[in-house]
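The values are calculated or read from the model by the stated rules, or taken from the named source; none is laboratory data. Remember, it's a predicted structure, so these values are computed and weren't measured experimentally. Backbone-built Cβ (ideal geometry, glycine too); neighbour counts: all protein chains shown. For the accessible areas, the whole protein counts, side chains as well, though only heavy atoms, and no ligand, DNA or RNA atoms are used. Shrake-Rupley method; radii C 1.70, N 1.55, O 1.52, S 1.80 Å.
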Amino acid sequence: ATALQAAVSGVEDAHGVAVDVVSVGDAPTTDALRAAVKAAREAVQNAARHGAEPISVYAELTESRYEVFVRDSGPGFDPSAVSADRAGIRHSILGRARRHGGDAVIASTPGGRTEVTITIPREEQR
């Protein structure tokens, strides 16, 4: 929860936006949780650059996984039309989640809002 709030605060400061963050559950920051936070930071940064306020983040840590939902209020875009040379979504969100056994889904349409869902299995520190 602390790592996510710090990541979002950095985006708020850099882009002059307000982001509503709600976190449920907390645990030591493992590699998988760190990857989820970094992917969420990229999604929040994209929302700050290309979306509209309000921007919200909801994160939940369960016994089996960590889920983060990042939502902005528009103007939306067609995820399938994103150029192959654009690395933010492809590598920093989707790729990062997949490298840690999870997935990310970008739900957006032109004229609508965008929601990024990041799901990564929970791992315990050993």
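Data overview
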{"item": "Hey, residue 59 within 26 Å of residue 24 (Cα to Cα) and free of Cβ contacts under 8 Å to residues at least 40 places away in the same chain or not", "result": "no"}
{"item": "Positions within the range 96-115 being out of contact with any Lys or Arg (no Cβ under 8 Å at 6 or more places or on another chain) and over 13 Å from residue 43 (Cβ atoms), in sequence order", "result": "98, 99, 100, 101, 103, 109, 110, 111, 112"}
{"item": "Count of the range 43-57 residues which are closer than 19 Å to residue 96 by Cβ and outside any helix (DSSP H, G or I)", "result": "1"}
{"item": "Residues of the range 90-114 that turn out to be in contact (Cβ under 8 Å) with a residue 40 or more places away in the chain and part of a loop (DSSP other than H, G, I, E, B), as a count", "result": "4"}
{"item": "The range 79-96, subset touching a strand residue (DSSP E or B) at 6+ places or on another chain (Cβ under 9 Å) and modelled with pLDDT under 90, residue surrounded by the fewest Cβ atoms within 10 Å (Cβ to Cβ)", "result": "82"}
{"item": "Filter result for residue 59 (at pLDDT 90 or above, of a type in the set (A, V, I, L, M) and over 21 Å from residue 2 (Cβ atoms))", "result": "no"}
{"item": "Candidates 99, 113, filtered to the one that is among the charged types (D, E, K, R), surrounded by 13 or more Cβ atoms within 10 Å (Cβ to Cβ) and more than 21 Å from residue 30 (Cα to Cα)", "result": "113"}
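Residue-by-condition table, conditions (1) open to solvent by less than 20 Å² (accessible area, probe 1.4 Å); (2) more than 19 Å from residue 93 (Cβ to Cβ); (3) of a type in the set (Val, Ile, Thr); (4) in a helix (DSSP H, G or I):
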| residue | (1), (2), (3), (4) |
| --- | --- |
| 3 | no, no, no, yes |
| 6 | no, no, no, yes |
| 11 | yes, no, yes, yes |
| 17 | no, no, yes, no |
| 21 | no, no, yes, no |
| 27 | no, yes, no, no |
| 32 | yes, no, no, yes |
| 36 | yes, no, no, yes |
| 41 | no, no, no, yes |
